[in-house]
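Working notes, structure below.
The values are calculated or read from the model by the stated rules, or taken from the named source; none is laboratory data. The shown structure was predicted, so the numbers you read here are calculated from the model rather than taken from an experiment. Every residue, glycine among them, receives a Cβ derived from its backbone with ideal geometry; neighbour counts consider all protein chains shown.
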Amino acid sequence: MSTSPSEQFEPQVNPGEGIEALTFQKESGSEAASQAEFVQLFTKSQRRLYLYILSQVPHPVEAEEILQEANVIAWTKSSQYRSGSNFFAWVCQIAHFEILKHRSRQKRTKLRFSDEFIEQVASEVVEQVDELESRRLALKHCLGKLRDKDRELIQSRYAPGERGKDLASQIGRPANSVYQSLGRIRRTLMECIQRQLAVEFH
């Protein structure tokens, strides 16, 4: 008998077995990726997976609940993941089914989008999340290459609630001088990020 996509990713645990049974199932899968590799990929994917869910479920609390549900299923279904394949795409598929299940529980909500629309958004978000993550890592790398005083200046400028004029007063420099320095640092970072991404994607 065929199963629905959501049923395919449901944990196979008997009542009363508890989390120990889930862990045992993961470790005993003959085709499972090594535990160390899976844990590393699983941990690394959390931020991106949450953003993926949040793009389709715009309520942070609900998105967090779906993330936790998807995490449990991903862990118990780790034997289905093939080492070396795209882990993020795999876990996004699990999250996608959890999002659909969540939507089915929200049928009384007045404003609802079609499943086709949600699937299209999901597909585009996966690509955007990958790109944004690459840019974030490139920015982190390029910030590390700045001179200490330039890195401190740009980080101070973009601290929460900070303004350029306030920053100039704090460090005792004319506002125009600070703006010129920030412009130079931004250009340096942009050029570095572009080079970094060019290396990554070629």
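Which one is surrounded by the fewest Cβ atoms within 10 Å (Cβ to Cβ) among residues in segment 80-94 that are under 21 Å from residue 67 (Cβ atoms) and not aromatic (Phe, Trp, Tyr)?
89
Do we find that residue 122 is modelled with pLDDT under 90, touching a helix residue (DSSP H, G or I) at 6+ places or on another chain (Cβ under 9 Å), within 30 Å of residue 71 (Cβ to Cβ) and assigned to a helix (DSSP H, G or I) in this structure?
Yes: the conditions hold for residue 122.
Mind checking whether some residue in segment 147-159 is farther than 25 Å from residue 199 by Cβ, more than 27 Å from the chain's Cα centre (by Cα), surrounded by 13 or more Cβ atoms within 10 Å (Cβ to Cβ) and free of Cβ contacts under 8 Å to residues at least 24 places away in the same chain?
no
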